[in-house]
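Peer 1: There's a structure below that I have some questions on.
Nothing in this text is a laboratory measurement; each read-out follows from the coordinates by a stated rule. Since the structure is predicted, the reported quantities are computational estimates derived from the model, not experimental observations. Positions of Cβ are backbone-derived with ideal geometry, glycine not excepted, and every protein chain shown enters the neighbour counts.
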C-alpha cells in the first residue's frame with residue numbers, strides 16, 4: 001500500500017538511527033512502498049531537521065547516543081506541528097518499563113530490531129491513516145466552529161454521552177435584535193458585491209461585540225442578528241454591547257464612504273424557552289417566547305442609529321450610571337393587549353464628555 005499526501009506527493013519519513021545497517025534496512029522497506037526517506041544519525045540532528053522541514057512520520061532509535069530515547073520522543077512530540085505525526089521507536093532492548101515510558105512520552109508504537117518489513121509497513125501505514133483522519137476531523141471542526149456559536153458547542157460538549165442537547169427549559173435572558181435601516185434602498189444604490197462585503201463586515205463586527213460582552217448569537221436575520229445574554233448582569237451586558245455596536249457602525253460606511261450604516265437595535269428581557277426546534281435531520285437550538293417577539297418589535301420601533309429598550313431592561317439597569325434610558329414613550333405593540341413603555345438607550349453625559 002502506497003500512501004501519499006493530499007497533494008499526491010510521497011510521504012516523507014525521517015529515520016533517526018546511528019547504526020548504518022538499521023538505516024539501510026529502513027530504506028529497503030520504506031522506499032519501495034513509495035515513501036521518501038531522510039536519515040540522520042542523532043536525535044540532536046533530528047530536532048534541528050524537524051524545525052525546518054515537515055515530515056509525515058518519524059522512526060527513531062530508542063537507544064539514541066545523544067539524547068535519551070524517551071526524552072527525544074517527548075521533545076519531538078512537543079514541537080509545533082508534530083503532535084499528531086506518527087512516531088515509532090525501534091529498539092534492541094526488551095525493557096518493557098522503558099517501552100511504557102516511550103508510550104507515555106508520545107511514541108505511537110515500539111518495534112524490535114531487526115526491523116521486519118511486514119510489521120513496519122503495516123504499523124506505519126495504519127498510523128499514517130489514523131493521523132490523516134485526525135487532521136481531517138480537525139479541519140472539519142475548525143470549519144464548523146465558524147458556523148456554530150461557542151455557546152452551542154459548549155452545551156453539546158457538556159451534555160452526557162448519548163443524550164445530545166438538553167431538554168427544553170425556561171430561562172431568564174436578555175434578547176438583542178439589530179437591523180440595518182433602509183436596507184432595500186441601500187441594496188439598490190450600491191453594487192451587489194460591495195453590499196455583500198459591507199453587510200458581512202458589519203455583522204462580523206456585531207458578532208465580535210456580542211462575544212466580547214458575554215453573549216452569543218442565536219441567529220442571523222438577513223441584515224441583522226439576534227443575540228442572547230444571560231447571567232446576573234445580562235441587561236447591562238446587552239446594553240453595553242448595543243452601545244459599542246452603534247459606535248462601531250458610525251465608523252463603517254455604507255459602501256459610498258460618506259455616511260454611517262443606518263442601524264436600529266431593540267433590547268428586552270424576560271422568560272424564554274430554550275431548546276431544540278426541528279427534526280432529527282435538522283435541528284436548531286434556539287430560544288422562543290413573547291420575550292423574543294417583543295425584542296424584535298422594539299427593534300422595529302428603533303429609528304436610524306437608535307437603541308430602544310423596554311421598561312424591564314431599564315429597571316434591571318437600576319440607577320443612572322454610565323448608561324441612561326431617556327425619552328420614555330408609550331407604544332402599542334402588535335400582539336400585546338396594552339401599551340408598553342419604550343426608552344432610548346444612550347451613554348450618560350459624563351461618560352460622553354470624558
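Peer 1: If eta is 0.890 mPa s and T is 25 °C, what Stokes-Einstein diffusion coefficient results for region 12-145, Kirkwood Rh from Cα pairs, in µm²/s?
Peer 2: The diffusion coefficient I find is 164 µm²/s.
Peer 1: For residue 290 and residue 193, what does the FRET efficiency come to when R0 = 56 Å and r is the distance between their Cβ atoms, rounded to the nearest 0.05?
Peer 2: The computed FRET efficiency comes out at 0.90.
Peer 1: Work out the FRET efficiency for residue 117 and residue 170 from their Cβ-Cβ distance, taking R0 = 45 Å, and round it to the nearest 0.05. Show your work: numbers first, answer last.
Peer 2: On the way: r = 65 Å, r/R0 = 1.44.
Using R0 = 45 Å, I get an efficiency of 0.10.
Peer 1: Which of 30, 120 has the fewest other C-beta atoms within 10 Å, and how do the rest follow up to the most?
Peer 2: Listed from fewest to most nearby Cβ atoms, that is 120, 30.
Peer 1: While we're on this one: Quick one: divide the alpha-carbon radius of gyration of the chain by 2.2 N^0.38 Å and tell me what you get.
Peer 2: 1.47
Peer 1: Shifting gears a bit: Among 211, 285, 83, whose mean-square fluctuation peaks in a Gaussian network model of the chain (Cα, cutoff 10 Å)?
Peer 2: Fluctuation is largest for 83.
Peer 1: In addition: Where does helix 192-212 land angle-wise versus the long Cα axis of the chain, in degrees 0 to 90, nearest 10?
Peer 2: 90
Peer 1: Nearest 10 degrees is fine. How inclined is helix 69-78 to the longest principal axis of the chain, computing both from alpha carbons?
Peer 2: 30
Peer 1: In nm, give the distance between the simple-model label positions of residue 45 and residue 334, each being 7 Å from the Cα along the Cα-to-Cβ direction.
Peer 2: 7.8
Peer 1: Still on this model: Considering only DSSP beta bridges whose two residues both sit in the chain, what percent are antiparallel, to the nearest 5?
Peer 2: About 65 percent, rounded to the nearest 5.
Peer 1: OK, next. Using the Kirkwood radius over C-alpha pairs as Rh, can you work out the diffusion coefficient of region 258-350 via Stokes-Einstein at 20 °C, viscosity 1.002 mPa s, in µm² per second?
Peer 2: 144
Peer 1: So if we plug the beta-carbon distance of residue 201 and residue 54 into 1/(1 + (r/R0)^6) with R0 = 30 Å, what FRET efficiency do we get, rounded to 0.05?
Peer 2: 0.30
Peer 1: Something else: With axes computed from alpha carbons, what is the tilt in degrees of helix 290-301 against the longest principal axis of the chain, rounded to the nearest 10 within 0 to 90?
Peer 2: 70
Peer 1: Sticking with this structure for a sec: For region 105-147, what log10 I(q)/I(0) values come out of the Debye formula at q = 0.22, 0.24, 0.28 1/Å, with one point per alpha carbon and no solvent?
Peer 2: Normalising to I(0) and taking log10 leaves -0.78, -0.84, -0.96.
Peer 1: Right, another one. Can you sort 265, 50, 155, 277 by how many other beta carbons sit within 10 Å, fewest first?
Peer 2: Result, fewest neighbours first: 277, 155, 50, 265.
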